[in-house]
Amino acid sequence: MYTPHMVKSTTFSLKIEPFDVYTSRYEKWFEDHKAVYQSELEAIRFILPQFKRGLEIGVGTGRFSQSFGIQDGIDPARNALRLAWTRKIKAIQGISEALPYTDNSFDLVLIVTTICFVDPVASLKEAFRVLKPSGSIVIGFIDRNSTLGRSYKERRGANPFYASAKFYGVDEVVEFLSRNGFVNMTFAQTIYKRLEEIKEAEPVKQGYGEGSFVVVYARKPQFPSTITL
């Protein structure tokens, strides 16, 4: 049985309190929006490469890692991590801007609906560091310029999870990836309706600009150059 390891830190850039206080509410969202969750899973699966060792940054309760067979995860929210442990994820407490892993450790880094809570440039710099040469990063996020993205931004004061979130458009996420040396980007998208209207999984399409949930794949080069930010 995996014994969880806790990394202490006095500075978490991720606003963790809602995820610690409202963990059960967070989990209930997935039960109440099963078709939306399935749509997100299918969009990620559409673009996810094969891998041997993967890491999810912002693993939360472990739902996405469990679905894709990712064994390692990191998150600052202790109560969320307790649920991830029950899903057999080797999740530790820590932050994305200072990953407690050695260089070139993983074939895959997955980040789902987390980029809006962290310092994206610092976090992707760390993701680049812990990826092996030719390793892959997959980021799933709500496009700020989409219907859902605009709705979340307008109503985020009423949502404890998104009150402190900073949403990004696809072009911005591409810029963050490029600045950190990632290449070969491809995209998938889903979720075209309002959440309450979605009763079955939405179709997945290549590209972006129509769907509110966008997934971007990028790769660390085999021989990465030195990145100066």
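Couple of notes before you dig in:
- Some residue of segment 163-170 being aliphatic (A, V, I, L, M) and modelled with pLDDT under 95: yes
- Residue within segment 142-165 that is within 23 Å of residue 37 (Cβ to Cβ), without any contact (Cβ under 8 Å) to a residue 24 or more places away in the chain and part of a strand (DSSP E or B) present: no
- Of everything listed in (1) in contact (Cβ under 8 Å) with a residue 60 or more places away in the chain; (2) in a loop (DSSP other than H, G, I, E, B), the single unmet condition for residue 216 is (2).
- Any hit, segment 190-200, residues being in a strand (DSSP E or B), at negative phi, modelled with pLDDT of 95 or more and not charged (D, E, K, R): yes
- Among the criteria (1) over 19 Å from residue 218 (Cα atoms); (2) small (Gly, Ala, Ser); (3) part of a helix (DSSP H, G or I), the one residue 43 does not fulfil is (1).
- Against the conditions (1) closer than 13 Å to residue 38 by Cα; (2) loosely packed, with under 14 Cβ neighbours inside 10 Å, residue 184 satisfies every one except (1).
- Scanning segment 59-87 for residues that are modelled with pLDDT of 95 or more, part of a loop (DSSP other than H, G, I, E, B), touching a strand residue (DSSP E or B) at 6+ places or on another chain (Cβ under 6 Å) and of a type outside the set (Val, Ile, Thr) yields a total of 1.
- Any chance residue 97 is of a type in the set (D, E, K, R) and closer than 23 Å to residue 190 by Cα: no
- Among the residues of segment 128-149, just one is among the aromatic types (Phe, Trp, Tyr) and surrounded by fewer than 23 Cβ atoms within 10 Å (Cβ to Cβ), namely 128.
The values are calculated or read from the model by the stated rules, or taken from the named source; none is laboratory data. Remember, it's a predicted structure, so these values are computed and weren't measured experimentally. Positions of Cβ are backbone-derived with ideal geometry, glycine not excepted, and every protein chain shown enters the neighbour counts.
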